[in-house]
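Right, one structure below, let's go through it.
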Amino acid sequence: MKKILEVKNLKVHFELGGGMFKAKRVVHAVDGIDFDVFEGETLGIVGESGCGKSSLARALCGLNKITSGSALFAGKIDLAKASSKEWNEVHKQMQFIFQDPVAALDPRMTVAEIISEPLITLYPDMKKDQVLQKVLATMKLVGLTQNQVNRYPQEFSGGQCQRIGIARALILEPKILICDESVSALDVSIKAQIINLLQELQQQLKLTILFISHDLGVVKHICNRILVMYLGNIMELGNKQAIYSNTLHPYTKALLSAVPVANPTLEKTKQIQLLEGDLPSPVNPPKGCVFSTRCPQADDVCRASRPKGKIIQEHFVTCFKA
Amino acid sequence: MDNKKPPLLEARDLVVEFKVQDGLVRAVNGLSFKVYDSEIIGIVGESGSGKSQTMLALMGLLAGNGKVKGSVKFNGQELVGMSTGKLNKLRGDQIAMIFQDPMTSLNPYLKISSQMTEVLMLHKNMPYKQALDEAIRMLDKVKIPDAKNRIHLYPHEFSGGMRQRVMIAMSLLTKPKLLIADEPTTALDVTVQAQILELLKELKQEMNMSIIFITHDMGVVANICDRVNVMYGGWLMETATIEQVFATPYHPYTSALLETIPNIEHDVDKLKTIPGEPPNLLHLPQGCPFQPRCSKVSPACSGQIPLRKIAPRHVMKCTVEVAQ
């Protein structure tokens, strides 16, 4: 399979505060990660809040600055060094769907204006009726009707607003969609509709999807491969079966066991690996393995040095114990 | 659970209405349910199902344009129409509530110590010193490390999970008989959610209280609840023990809801969906609010729909045929 995105030692850091007599503090949101995205796959990125999954997604889309490292897009453009002209090229092929469907839409714009905006920005020479045709076709694709074209976002429910958000991303006919918690804010019955829509669109349009979520049930349903992040680092990366049925990293194990399952008999009998405490601060990450402060298997080696990633049974795992 | 004892809380034909610009919104429509001693009862439903408004009505916390009809008896006392003075003696004392977002429920300008001692000084007339000791003991109980020193911190100095623990500790200070938890783990990560659910189960055992647990997550229901009420469009659709609900969901809405959840335990190619949109409370159909989206809809659905008892402790509001 062809690589569409090659990420190498990518870092996204944010500087905090600092003044004349105060040292600057640095948030290590994404702290040197390597992975590839293949054409046509759905890669899930999971982890708790503060693990850096959104910072990573936003950096790949140019919404955050990449601090160092490289991210080669389609074998041509390095996103870490891309000029604004190159970013325009990237944005024609890579689009973003946000979490809160209502907040992501400008309340003063009609549906037609919202959906056509990327097209008008990136293809300024396109004729007006051609734009409208494209808008209508995309609306149909995501399950909206033509007579809704001149309405405003407030007239739509959350699920429909998310359809508008998807239409806005798809009108450019991108190759990659980055979905940052795109179904998390939706009600259960609507969530299933949008998940099915994304899967249908993926098959129809041969899309590559980066699916960021904290919902491990949804991720398991929709993704081919899964990347588990913790405090800006990759803990485990592998295909779905490997991650869910042959879990190697203690963090992934704890994460999976914590997901409540809609089955009371199972819930009452299953062993939950409760993690102690909270995520350490990304300003001051632990010296050794980032998970060592909460890991049930951690020992002095883990606390003293960072483990290097290794390949075991087709997984990429960052752990001394695996 | 002893069913012969009178229930701790009994709601009968509860109606919550709001006057809005475009008419009358009936957020809760004829709700009847009971909460027994030391049980955890879940209330599940999507947005607009009326689950939160039910609880706000119980606590007398509805918005100014809201009106409550029907009856809610807590320990024999009628809550609907109770004066604010009397309610204030109950609320925070015998009935406590925790909310989804601990940051908006805690006062950012006050130290945890003054927020927690205030509860005891007000409800139990305790002197500060004793109240502080009691508060520290409670923080220990919810497993906040180094509670003795950390009680003097401000809310922003705690993480999200720790703040939710502080909220729980604060609500339990007066040893309430009933704890209403409105989506207390929704904003938390799964690992922290697992910690909080375990904690609530332990505390319930230890303090012998009942919990009304509002959530939209069926997995959480399976984890923590004894019984569950399923709500839709202001209606109570089905009440049953969790074993009954997950094994034999009779109401078409309940079974459809369970089928839409991607399950981490077994895979499907395509998720089942419930067609259509969530109900608009301003334009509900005659009869059952689920009609437009229901797969088993019949002409009888637009008429009066009685509550039917299907099995012991299993009740539903639907006309559908049930294979016994």
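Quick one: count up the residues across the stretch B:6-25 that are surrounded by fewer than 19 Cβ atoms within 10 Å (Cβ to Cβ) and under 17 Å from residue B:236 (Cβ atoms). Result for the stretch B:6-25: 5. Considered as a group, the residues in the stretch A:51-85 that are without any contact (Cβ under 8 Å) to a residue 40 or more places away in the chain and in contact with a Phe, Trp or Tyr (Cβ under 9 Å, 6 or more places away or on another chain) include one that is nearest to residue A:1 (Cα to Cα), and that residue is A:77.
If the condition is being under 22 Å from residue B:309 (Cβ atoms), of a type in the set (D, E, K, R) and more than 7 Å from every other protein chain (Cβ to nearest Cβ), then the stretch B:238-297 contributes B:238, B:296. Any residue that is open to solvent by less than 10 Å² (accessible area, probe 1.4 Å) and away from every other protein chain (no Cβ under 14 Å) - is there at least one of those in the stretch A:46-53? No, the stretch A:46-53 contains no residue that is open to solvent by less than 10 Å² (accessible area, probe 1.4 Å) and away from every other protein chain (no Cβ under 14 Å). Which residues, counting only those in the stretch A:243-253, are part of a loop (DSSP other than H, G, I, E, B) and open to solvent by less than 20 Å² (accessible area, probe 1.4 Å)? If the condition is that a residue be part of a loop (DSSP other than H, G, I, E, B) and open to solvent by less than 20 Å² (accessible area, probe 1.4 Å), then A:249 is the only one that fits. A search for C-beta distances below 8 Å between a residue of the stretch B:86-102 that is assigned to a strand (DSSP E or B) and any residue that is of a type in the set (S, T, N, Q), counting only pairs 6+ apart in sequence or on different chains, returns B:96/B:171; B:96/B:174; B:97/B:171; B:98/B:105; B:98/B:164; B:98/B:171. Within the set B:215, B:248, B:260, B:254, the sole residue that is among the polar types (S, T, N, Q) and more than 29 Å from residue A:160 (Cα to Cα) turns out to be B:248. For residue B:61, state whether it is closer than 28 Å to residue B:38 by Cα, within 26 Å of the chain's Cα centre (by Cα) and modelled with pLDDT under 90. Spelling it out, residue B:61 is indeed closer than 28 Å to residue B:38 by Cα, within 26 Å of the chain's Cα centre (by Cα) and modelled with pLDDT under 90. Within the stretch B:257-270, restricting attention to residues that are touching a helix residue (DSSP H, G or I) at 6+ places or on another chain (Cβ under 8 Å) and free of Cβ contacts under 8 Å to residues at least 12 places away in the same chain, the residue that is farthest from residue A:200 (Cα to Cα) is B:265. Of all residues in the stretch A:254-287, those that are under 26 Å from the mean Cα position of the chain (by Cα), part of a loop (DSSP other than H, G, I, E, B) and of a type outside the set (Val, Ile, Thr) total 14. So in the stretch A:175-187, with the set limited to residues that are open to solvent by 10 Å² or more (accessible area, probe 1.4 Å) and of a type outside the set (S, T, N, Q), which one is nearest to residue B:216 (Cα to Cα)? Here the residue is A:187. Looking across the stretch B:178-222, the residues that are in contact (Cβ under 8 Å) with a residue 12 or more places away in the chain, among the polar types (S, T, N, Q) and closer than 26 Å to residue A:51 by Cα come down to B:185, B:186, B:193, B:195, B:215.
Taking the stretch A:128-158 as the range and being assigned to a helix (DSSP H, G or I), in contact (Cβ under 8 Å) with a residue 12 or more places away in the chain and among the basic types (Lys, Arg) as the test, only A:134 passes. Criterion first (within 18 Å of the chain's Cα centre (by Cα) and at pLDDT below 95) does residue B:76 satisfy it? No: the conditions fail for residue B:76. Report yes if some residue within the stretch B:114-121 is free of Cβ contacts under 8 Å to residues at least 12 places away in the same chain and of a type in the set (A, V, I, L, M); otherwise report no. Yes.
Residue B:73 falls short of the stated requirement of being of a type outside the set (A, V, I, L, M), open to solvent by 30 Å² or more (accessible area, probe 1.4 Å), in the same structural domain as residue B:51 (by TED's automatic domain parsing) and farther than 24 Å from residue B:5 by Cα.
Considering each residue of the stretch A:290-305 in turn, none proves to be among the aromatic types (Phe, Trp, Tyr) and free of Cβ contacts under 8 Å to residues at least 60 places away in the same chain.
Against the numbered list (1) open to solvent by 10 Å² or more (accessible area, probe 1.4 Å); (2) over 21 Å from residue B:271 (Cβ atoms), residue A:197 comes up short only at (2). Need the failing condition index for residue A:283 against (1) crowded, with 18+ Cβ neighbours inside 10 Å; (2) away from every other protein chain (no Cβ under 12 Å), just the number. Exception for residue A:283: condition (1). Residue count for the stretch A:2-61, restricted to those that are closer than 24 Å to residue A:310 by Cα, of a type in the set (Asp, Glu) and assigned to a strand (DSSP E or B): 4. Could you please let me know if residue B:273 is more than 25 Å from the chain's Cα centre (by Cα), under 17 Å from residue B:46 (Cα atoms) and of a type in the set (Ser, Thr, Tyr)? Considered against the rule, which asks whether it is more than 25 Å from the chain's Cα centre (by Cα), under 17 Å from residue B:46 (Cα atoms) and of a type in the set (Ser, Thr, Tyr), residue B:273 comes out as yes. The lone criterion from (1) touching a residue at least 60 places away in the same chain (Cβ under 8 Å); (2) open to solvent by 40 Å² or more (accessible area, probe 1.4 Å) left unmet by residue B:299 is number (1).
Residue check: is residue A:274 facing chain B (nearest Cβ under 8 Å) and either open to solvent by 40 Å² or more (accessible area, probe 1.4 Å) or in contact (Cβ under 8 Å) with a residue 24 or more places away in the chain (or both)? So residue A:274 fits the description; yes. Filtering the stretch A:131-154 to residues that are more than 13 Å from residue A:101 (Cα to Cα), within 14 Å of chain B (Cβ to nearest Cβ) and open to solvent by 30 Å² or more (accessible area, probe 1.4 Å) leaves A:143, A:145. The number of residues in the stretch A:165-204 being aliphatic (A, V, I, L, M), within 14 Å of chain B (Cβ to nearest Cβ) and part of a helix (DSSP H, G or I) comes to 8. Could you tell me which of the residues A:171, A:120 is over 23 Å from residue B:269 (Cα atoms) and open to solvent by 10 Å² or more (accessible area, probe 1.4 Å)? On inspection, the qualifying residue turns out to be A:120. None of B:274, B:310 is buried (at least 18 other Cβ atoms within 10 Å of the Cβ) and either in contact with a helix residue (DSSP H, G or I) (Cβ under 9 Å, 6 or more places away or on another chain) or outside the structural domain of residue B:47 (by TED's automatic domain parsing) (or both) except B:274.
Meeting the requirement of 2 or more residues that are within 9 Å of chain A (Cβ to nearest Cβ), open to solvent by less than 10 Å² (accessible area, probe 1.4 Å) and small (Gly, Ala, Ser), the helices (runs of 4 or more DSSP H) wholly within the stretch B:128-228 are B:218-224.
The values are calculated or read from the model by the stated rules, or taken from the named source; none is laboratory data. Values in this document were obtained by computation on a predicted structure and should not be read as measured data. Heads up, the Cβs are rebuilt from the backbone with ideal geometry, glycines too, and the neighbour counts pull from every protein chain shown. Remember, those area values only see protein heavy atoms, side chains included, never the ligands or the DNA or RNA. Shrake-Rupley method; radii C 1.70, N 1.55, O 1.52, S 1.80 Å.
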